[in-house]
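I have placed the structure first, in the form of structure tokens, so that the comments after it can refer back to it.
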Amino acid sequence: MAAATNVFTLVGNISQPIELRTTKSGKKFAFISIAVKSGVSDDVDFISFCIWEKLAENVMKYCNKGDGISVLGHISTMKRDGKTELMLTGDAVSFLHKAAKKEEPKAEPK
């Protein structure tokens, strides 16, 4: 039997502003949602994952909504209200490209 590997890779654009949070025990974390194109059609999936501590701080510092990133992580399960939920945790993030900035219209000289 082949060894099982629990790894996911996502490439997409950050779809919401990132908010750094802190647990009751003081650990920093952030949930990030990225827009990922489906490989089959032009549909877009919005996938959320969690990152922790220094990685969360760096992504918060250097990335904004619309920026392209690549995420490597693992999947775990957790029980909540008697139901099993999947949890995606990012272990490494690569910064791919910055979102194009919209230029402010220049004032016409009077």
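Inspection of region 18-30 finds no residue satisfying the criterion of being within 20 Å of residue 6 (Cα to Cα) and in contact with a Leu (Cβ under 7 Å, 6 or more places away or on another chain).
Determine, yes or no, whether residue 79 is surrounded by 13 or more Cβ atoms within 10 Å (Cβ to Cβ), of a type in the set (D, E, K, R) and at pLDDT below 95. Here the answer is no, as residue 79 does not meet what is asked. Could you please let me know if residue 21 is touching a helix residue (DSSP H, G or I) at 6+ places or on another chain (Cβ under 9 Å), without any contact (Cβ under 8 Å) to a residue 12 or more places away in the chain and open to solvent by 90 Å² or more (accessible area, probe 1.4 Å)? Judged against the criteria, residue 21 is a match. Just one of (1) within 17 Å of residue 8 (Cβ to Cβ); (2) open to solvent by 60 Å² or more (accessible area, probe 1.4 Å) fails for residue 60. It is (1). Screening residue 54 on (1) modelled with pLDDT of 90 or more; (2) surrounded by 10 or more Cβ atoms within 10 Å (Cβ to Cβ) shows it passes everything except condition (2). Of the residues making up region 2-18, those that are part of a loop (DSSP other than H, G, I, E, B) and either among the polar types (S, T, N, Q) or surrounded by fewer than 15 Cβ atoms within 10 Å (Cβ to Cβ) (or both) are 2, 3, 4, 5, 6, 7, 15, 16, 17. Looking only at residues of region 39-51 that are over 13 Å from the mean Cα position of the chain (by Cα) and of a type in the set (D, E, K, R), we find that the one that is modelled with the highest pLDDT is 43.
Residue-by-condition table, conditions (1) in contact with a Gly (Cβ under 9 Å, 6 or more places away or on another chain); (2) of a type outside the set (Val, Ile, Thr); (3) assigned to a strand (DSSP E or B):
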position	(1), (2), (3)
29	no, yes, yes
36	yes, no, yes
39	no, yes, no
49	yes, yes, yes
57	no, yes, no
75	no, no, yes
79	no, yes, yes
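Just to be sure, is residue 29 open to solvent by less than 60 Å² (accessible area, probe 1.4 Å), over 10 Å from the mean Cα position of the chain (by Cα) and aromatic (Phe, Trp, Tyr)? So residue 29 passes the test.
The values are calculated or read from the model by the stated rules, or taken from the named source; none is laboratory data. Bear in mind that the values here come from a model prediction, so they are computed numbers and not experimental data. Cβ: placed from backbone, ideal geometry, glycine included. Neighbour counts: every protein chain shown. Remember, those area values only see protein heavy atoms, side chains included, never the ligands or the DNA or RNA. Shrake-Rupley method; radii C 1.70, N 1.55, O 1.52, S 1.80 Å.
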